[in-house]
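Trainee: Provided herewith is a single structure, encoded as structure tokens, for subsequent inquiry.
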Amino acid sequence: MPSSLQLVRSPTSMRERLILALDVDDLERVKVVVRLLAGEVGMFKVGKQLFTHAGPPAVKLIQELGGEVFLDLKFHDIPTTVAKAAVEATRLGVKMFNVHASGSLEMMRQTVREVRRVCRQENLKRPIMLAVTVLTSLSKSDLEKVGVDGEVADQVVRLALLSQEAGMDGVVASPHEVAGIRDACGRRFIIVSPGIRPQKGKRNDQRRVMTPEEAVRGGVDYIVVGRPIMEAKDPLSAVREIISEMEHSAAL
Ligand code: C5P
């Protein structure tokens with residue numbers, strides 16, 4: 001089967017389902033962390049900070065050290081521009097990347113089409129394509145100010161359905177929004193959630209958090225965790241503790 005037509009495989013082990021957010025501006029730190037944790041987590045998330053600081057070499061470094069990358073740049077622009085950026089993310093060999101669903105059905109459709117085409121032509125592995133619904137930092141009143149009336153949860157489901165219609169593989173959403181998305185989009189639609197805190201940890205600036213166990217039990221496919229691991233005295237133990245919390249959900 002051509003790689004572009006392969007179905008996106010659901011993650012199986014809890015290790016695969018843990019994504020570590022590398023929110024740092026220092027490639028030396030990246031090297032140390034990835035060397036330590038490449039065999040322990042499923043993916044490393046490279047976001048706007050690290051990518052603006054170091055660019056594609058940050059992605060290459062992680063891959064050379066045996067890690068997979070979620071490129072979290074949340075593309076939002078005219079359809080052609082986003083599709084071309086998505087093609088470059090594909091050529092970088094990232095396992096996952098994302099766009100903003102509010103960029104439009106056409107923006108997402110063109111992205112899906114171009115990524116599939118380039119994977120066929122260049123025999124590349126197709127990345128998992130995700131859409132961000134509503135940022136968890138936005139409230140009902142923030143949405144009203146930009147002309148979106150109604151409940152945040154309804155807007156999340158509306159954008160998740162639009163992403164699915166465009167052919168995206170899934171969405172990034174708060175763990176609190178998972179039930180509504182699952183009802184609307186079904187079991188195979190991928191949901192990636194940040195805002196996760198281990199049972200004993202600090203909340204930092206995350207407001208509506210969930211534990212790893214609650215998130216997995218609620219139907220989240222991949223969880224994103226940053227500071228509870230990056231700021232831990234012993235990051236390896238922190239990762240193992242989180243995976244063990246995730247495993248509790250399956251034991252029940
Ligand atoms: O350190 P912490 O676990 O809070 O990191 C969560 C990561 O997920 C950060 O990279 C943050 O930018 C990202 N994120 C989030 N909330 C969203 C979208 C992304 O916390 N709604």
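Trainee: I want to check the label-to-label distance for Leu27 and Arg227. Put each point 7 Å from Cα in the C-beta direction and report it in nm to one decimal.
Mentor: Here the modelled spin labels are 2.8 nm apart.
Trainee: Let me ask another. Enumerate the lysines that Lys200 could reach by cross-link, defined here as Cα to Cα under 27 Å, with residues fewer than 8 away along the same chain left out.
Mentor: Result set, ordered by chain and number: Lys45, Lys233.
Trainee: Then there's this: Ranking request for peptides 157-164, 40-47: highest mean number of other beta-carbon atoms within 10 Å first, then the rest in descending order.
Mentor: In descending order of packing, they fall as 40-47, 157-164.
Trainee: Can you tell me, using C-alpha contacts under 8 Å and at least 6 residues apart, the relative contact order of segment 18-251 as a whole percent?
Mentor: Taking the mean separation of contacting Cα pairs over the length of segment 18-251, I get 16 percent.
Trainee: Return the equivalent ellipsoid semi-axes of segment 129-252 as a descending list in whole Å, where each equals the square root of 5 times an eigenvalue of the C-alpha gyration tensor.
Mentor: 27, 18, 12
Trainee: Given only helices, namely DSSP H runs of n ≥ 4 each adding -39500 (n - 2.57), what is the per-residue ellipticity at 222 nm of the chain, to the nearest 500 deg cm²/dmol?
Mentor: Roughly -13500 deg cm²/dmol at 222 nm, from the helical runs in the chain.
Trainee: Can you tell me the dipole magnitude for the chain around its Cα centre, using point charges on the Cβ only (Lys, Arg +1; Asp, Glu -1), in Debye to the nearest 20?
Mentor: Computed about the Cα centre, the dipole is about 460 debye.
Trainee: From the Cα gyration tensor of segment 18-251, with a ≥ b ≥ c the square roots of its eigenvalues, which class applies: rounded if a/c is under 1.5, or else prolate if a/b is larger than b/c, or else oblate?
Mentor: Note, shape of segment 18-251 comes out oblate.
Every number here is computed from the coordinates shown, using simple stated rules; none is lab data. What you are looking at is a predicted structure, and each value in this text was computed from that prediction instead of being measured. Don't worry about glycine lacking a Cβ; one is built from the backbone with ideal geometry, like all the others, and counts go over all protein chains shown.
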